[in-house]
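Let me begin by presenting the structure, written as structure tokens, before commenting on it.
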Ligand code: AP5
């Protein structure tokens with residue numbers, strides 16, 4: 001059985017974080033969100049946080065070298081023993097090349113969440129996050145609610161600073177220009193599975209789990225012989 005070595009690719013708001021949490025719970029591998037790591041650094045006002053705060057607020061991409069060092073360090077942590085879920089990395093072809101070198105031929109699956117731009121814009125402009133337990137809410141949909149407090153822990157619901165119309169448009173542009181080519185990078189290696197992420201969360205998870213099960217037992221995408 002293969003380790004769950006997974007990269008999640010999709011536009012902002014496609015549900016990468018939502019599905020990463022579910023995959024992590026089901027398969028017992030860590031979900032590594034580069035966005036969450038950077039937001040924690042901003043909150044802590046660390047040197048890294050001060051470096052990236054304005055870039056994130058504008059919806060631009062943090063530099064490749066910084067991101068590659070950050071992920072290399074995270075993948076060396078003791079909890080990454082039998083797989084990883086990368087949410088938000090690689091976001092450029094340069095980052096994808098660097099990840100190839102880091103994993104040195106280990107089997108990898110690239111899972112693409114396909115969601116139309118109008119739907120992701122709708123989700124992001126109404127997304128709220130519990131400041132306590134981090135539960136995600138989307139207003140006005142069956143998934144989520146209009147509650148001002150978290151229905152799980154009673155925490156305050158907050159809006160991410162980059163979930164405003166101007167920054168959402170910029171993030172979508174960055175995705176089209178810099179991140180969509182990453183799909184081609186993995187397609188050329190036969191490693192891509194695409195899931196329709198525009199459906200309900202449970203339906204998306206069902207397809208995601210089927211794809212991962214296929215990858216683990218070897219009936220899903222496999223790396224070409226030249227990859228190791
Ligand atoms: P990051 O945190 O990675 O943000 P993102 O890619 O814009 O993705 P989001 O977190 O906004 O969305 P998601 O796809 O995780 O969707 P979610 O599950 O939350 O990055 C932020 C910034 O950090 C970047 O802009 C950049 O500056 C920097 N950065 C990070 N990584 C970088 C890198 N590698 N290189 C350079 N810079 C980097 O869901 C969204 C909403 O929809 C939620 O409200 C959720 O409840 C809802 N929802 C989810 N699924 C469904 C569904 N099926 N139906 C209905 N609603 C749903």
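The values are calculated or read from the model by the stated rules, or taken from the named source; none is laboratory data. Predicted model only: the values in this text are computed from it and were never measured. Positions of Cβ are generated from backbone atoms using ideal geometry, with glycine treated the same way; all protein chains shown enter the neighbour counts.
A few remarks follow.
- Inclusion of residue 50 among residues that are within 12 Å of the ligand (Cβ to nearest atom) and over 16 Å from the mean Cα position of the chain (by Cα) is not warranted.
- Restricting region 57-83 to residues that are in contact with a helix residue (DSSP H, G or I) (Cβ under 8 Å, 6 or more places away or on another chain) and more than 14 Å from the ligand (Cβ to nearest atom), the residue that is farthest from residue 13 (Cα to Cα): 80
- Restricting the first member to region 51-78 and to residues that are within 15 Å of residue 40 (Cα to Cα) and free of Cβ contacts under 8 Å to residues at least 12 places away in the same chain, and the second to residues that are within 8 Å of the ligand (Cβ to nearest atom) and outside any helix (DSSP H, G or I), the beta-carbon pairs closer than 7 Å and six or more apart or on different chains are 55/62.
- Among the residues making up region 135-158, a single one is in a loop (DSSP other than H, G, I, E, B), at pLDDT 85 or above and within 10 Å of the ligand (Cβ to nearest atom): 135.
- The listed residues are 132, 190, and the only one of them that is outside any helix (DSSP H, G or I), closer than 27 Å to residue 42 by Cβ and out of contact with any helix residue (DSSP H, G or I) (no Cβ under 8 Å at 6 or more places or on another chain) turns out to be 132.
- Selection from region 100-111 of residues that are surrounded by fewer than 22 Cβ atoms within 10 Å (Cβ to Cβ) and within 14 Å of the ligand (Cβ to nearest atom): 102
- Residue within region 214-225 that is assigned to a strand (DSSP E or B) and modelled with pLDDT under 90 present: no
- Only one entry of 28, 83, 63 meets the criterion of being closer than 28 Å to residue 219 by Cβ and over 16 Å from the mean Cα position of the chain (by Cα), and that entry is 28.
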